[in-house]
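Contents: one structure, followed by commentary.
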2 protein chains.
Amino acid sequence: MEKTPNLNEVAKLAGVSIMTVSRVINNSGKVSEKTKQKVLDAIKEIDYQPNMIARSLARKKTNILGLVIYSEEGVHPTFYNEIMNGVQSGASELGYDLLIFAQNDEQSYRNRIIRSSLVDGVIFMGIHVNEDDIRSVHEKGFPYVFVGKREVKGIEPYYISPNYIEGTKVATNYLIEQGHQKIGFIGQSKKIAPDYDKFLGYKQGLKEHGITYNEKLVSEQSQSQADGYNAMKEMLKHKPTAVMLNNTYTTLGAITAIKEEGLVIPDDISVIGFDDNQELNQQFNDFIGLDLTSLQIPKLELGKQAAKLTISLVEGNEHPKANYLDLVFLQKNSCQKL
Amino acid sequence: MEKTPNLNEVAKLAGVSIMTVSRVINNSGKVSEKTKQKVLDAIKEIDYQPNMIARSLARKKTNILGLVIYSEEGVHPTFYNEIMNGVQSGASELGYDLLIFAQNDEQSYRNRIIRSSLVDGVIFMGIHVNEDDIRSVHEKGFPYVFVGKREVKGIEPYYISPNYIEGTKVATNYLIEQGHQKIGFIGQSKKIAPDYDKFLGYKQGLKEHGITYNEKLVSEQSQSQADGYNAMKEMLKHKPTAVMLNNTYTTLGAITAIKEEGLVIPDDISVIGFDDNQELNQQFNDFIGLDLTSLQIPKLELGKQAAKLTISLVEGNEHPKANYLDLVFLQKNSCQKL
DNA sequence: TTGTATGCGTTATCAT
DNA sequence: ATGATAACGCATACAA
């Protein structure tokens with residue numbers, strides 16, 4: 001490895017002081033057009049690139065964001081990866097790099113994050129978060145944003161979350177406007193916050209149209225294909241004309257059950273899915289031969305917004321603690337007007 | 001944001017010089033047990049954490065690895081994300097952080113990477129790589145590793161790749177040992193290097209057992225479910241007793257075709273899949289009700305090895321240019337002894 | 001065993 | 001418009 005050139009060498013070559021070179025690089029202060037050219041030429045000649053580390057030390061700012069992913073066994077679900085891509089992209093757009101913190105153990109990151117001066121701000125992501133980390137970061141006034149709605153005892157944390165309630169309400173309204181009254185909902189889980197919010201939106205939609213809530217048309221089972229299959233089997237006894245599902249897996253199971261009963265989508269029953277995984281969903285659509293109408297989480301955008309919000313906080317701006325991003329309602333052909 | 005403490009403040013509090021503190025932190029040089037305790041106490045008291053930026057500048061080493069992902073439209077296929085997780089994990093194990101470079105345009109990274117002194121080494125990943133970047137990094141002697149076999153004109157690059165040839169050879173041998181002679185292969189593509197390697201392994205397996213290659217049992221179509229479906233339909237006319245597939249999508253299509261013909265897996269035909277996406281595959285297995293025997297790319301491990309190899313190069317060790325990682329042959333129940 | 005001086009490459013401050 | 005000098009926080013070399 002050859003030594004990388006520094007300001008001194010550029011200055012010497014251009015016949016000016018390092019400060020002039022620095023000014024040219026940063027477009028700051030006044031530099032005459034003539035010397036500016038000399039400097040630019042010198043920079044090009046020796047292929048000079050500013051040393052980010054030295055710059056960071058002097059500026060006390062690294063232009064690096066940290067992304068902390070709390071995951072199990074070192075494997076991050078696809079879901080997080082897509083958001084991560086968005087974070088990277090959003091950070092990049094504003095001239096920030098992204099540093100990944102992730103480990104299988106539940107180690108605390110707070111010291112490395114806040115004290116080491118390596119990152120200017122941090123984004124938290126994952127279910128099994130170390131809440132002490134967030135609390136600590138929060139109390140130190142260190143810029144951070146959490147992806148996903150979050151309650152942390154004792155503080156009111158910054159977060160950006162998909163607006164599940166609003167999303168399912170929109171979808172429910174859509175079904176109702178298509179003439180549906182007996183609308184099923186699979187995946188009402190009190191344990192999983194997003195799933196419960198989806199349920200709330202569904203309920204609100206019904207309420208706004210004066211449709212009485214029928215608990216026979218709601219199932220708590222929410223995780224696997226088997227859950228969706230069983231829930232749908234049971235629910236079909238009560239003849240819903242439409243059904244909303246909480247994720248890709250339950251959707252698959254439910255569709256299997258519907259087909260087994262000899263029903264056709266959307267002729268006999270309308271279906272709205274909830275797509276947590278676009279690639280998976282795409283492939284299933286191909287396989288099932290069905291273009292599912294669904295609510296989509298704009299994961300890339302979610303990540304981007306998280307990055308931009310964090311950067312805005314880094315730069316000293318004020319923001320509300322709770323931030324929401326609309327879901328995308330994708331109307332395909334699994335719903336029918338009654 | 002409160003000011004973070006530095007060596008000076010620890011030293012003052014402990015009543016020693018900053019050098020003693022530095023020695024305690026780095027476990028270098030001789031420090032008496034007594035002063036060591038004083039220093040440790042002081043560190044704990046003010047919650048001191050070394051400033052990584054200052055350390056990096058002084059050491060001329062950041063302990064940060066860069067990961068460059070060349071992708072399209074800012075979206076990285078799941079495949080890369082899993083490898084990325086491995087890279088992060090591997091780097092972390094050896095005390096390195098990971099910085100992500102990724103953008104939708106085909107921008108060159110070489111200057112930022114090599115010259116800015118931000119990262120000690122770099123890992124490249126993706127199809128549409130900017131070859132000039134690699135060449136430049138290579139020629140400067142900057143530590144790097146490419147994930148996936150790579151040919152770059154003019155140089156012999158460092159890479160670590162799944163051993164596709166060996167993998168499919170093992171799988172082919174397995175089928176032959178189970179008594180199969182008419183073994184089909186779907187996905188021989190000259191355009192996609194890994195797919196062609198898979199084909200080569202298949203061919204070698206046949207050759208080792210003196211089975212003549214029958215091109216009626218080989219299909220070039222290799223990308224989509226439709227490809228797999230069509231290829232299988234055609235191939236079934238020649239009555240293979242077993243078939244190997246090149247990826248999850250063609251597998252799905254092929255299985256559909258097999259079922260349509262009224263054949264049962266594994267009773268009528270044995271199937272070996274190639275799993276590029278574990279989550280997808282898992283879900284399909286559930287759906288199809290079939291535990292597919294398949295070749296798996298150990299993506300997490302691939303990423304880890306890439307990180308460790310890069311770090312080893314950073315630390316001045318010698319390594320061969322070409323490095324291979326064995327595929328995992330997962331024997332489930334889609335194959336039958338003849 | 002401990003401390004002092006110097007440098008890492010840049011930016012900020014204050015001169016000129 | 002340009003330059004000299006002092007930070008930035010730590011590590012290395014050299015003293016004591």
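Observations
- Tally of residues being buried (at least 17 other Cβ atoms within 10 Å of the Cβ) and either more than 9 Å from DNA strand D (Cβ to nearest atom) or closer than 16 Å to B:R59 by Cβ (or both) across segment B:12-33: 9
- Subset of segment B:34-53 that is under 14 Å from B:I18 (Cα atoms) and near DNA strand C (Cβ under 10 Å from one of its atoms) - its residue that is surrounded by the most Cβ atoms within 10 Å (Cβ to Cβ): B:V39
- Checking B:K191, B:K207, B:K153 one by one, the residue that is of a type in the set (K, R) and either at pLDDT 95 or above or within 23 Å of B:A242 (Cα to Cα) (or both) is B:K207 and no other.
- Tabulated pairs, segment A:15-26, first under 17 Å from A:D47 (Cβ atoms) and away from every other protein chain (no Cβ under 14 Å), second near DNA strand C (Cβ under 8 Å from one of its atoms) and assigned to a helix (DSSP H, G or I), C-beta under 8 angstrom, 6+ apart or interchain: A:V21/A:L7; A:V21/A:V10
- Filtered by the rule that a residue be away from DNA strand D (no atom under 13 Å from the Cβ) and outside any loop (DSSP other than H, G, I, E, B), segment A:34-57 gives A:D41, A:I43, A:K44, A:E45.
- Annotation: of all residues in segment A:295-306 being at pLDDT 95 or above and closer than 10 Å to A:V147 by Cβ, the one that is nearest to the other protein chains (Cβ to nearest Cβ) is A:G303.
- Qualifying positions in segment A:226-244 - within 28 Å of the chain's Cα centre (by Cα) and either at pLDDT 95 or above or more than 23 Å from A:L327 (Cβ to Cβ) (or both): A:A226, A:V243, A:M244
- All positions within segment B:48-62 that are more than 7 Å from chain A (Cβ to nearest Cβ) and closer than 15 Å to A:I113 by Cα: B:Y48
- B:N230 being under 21 Å from B:Y174 (Cβ atoms), of a type in the set (S, T, N, Q) and assigned to a helix (DSSP H, G or I): no
- Every listed requirement among (1) under 30 Å from A:V314 (Cβ atoms); (2) not in a helix (DSSP H, G or I) is met by A:H180 save one, (1).
- Boolean, B:S161 is touching a residue at least 40 places away in the same chain (Cβ under 8 Å), within 11 Å of chain A (Cβ to nearest Cβ) and not acidic (D, E): no
- All of A:G141, A:G154 fail the test of being within 14 Å of another protein chain (Cβ to nearest Cβ) and among the small types (G, A, S), apart from A:G141.
- Residue ID - farthest from the chain's Cα centre (by Cα), chosen from residues in segment A:314-329 that are free of Cβ contacts under 8 Å to residues at least 40 places away in the same chain and closer than 17 Å to A:P162 by Cα: A:P320
The values are calculated or read from the model by the stated rules, or taken from the named source; none is laboratory data. Everything numeric in this text was worked out from a predicted model, so none of it was measured. Please note: Cβ atoms are built from the backbone with ideal geometry, for glycine as well, and neighbour counts cover all protein chains shown.
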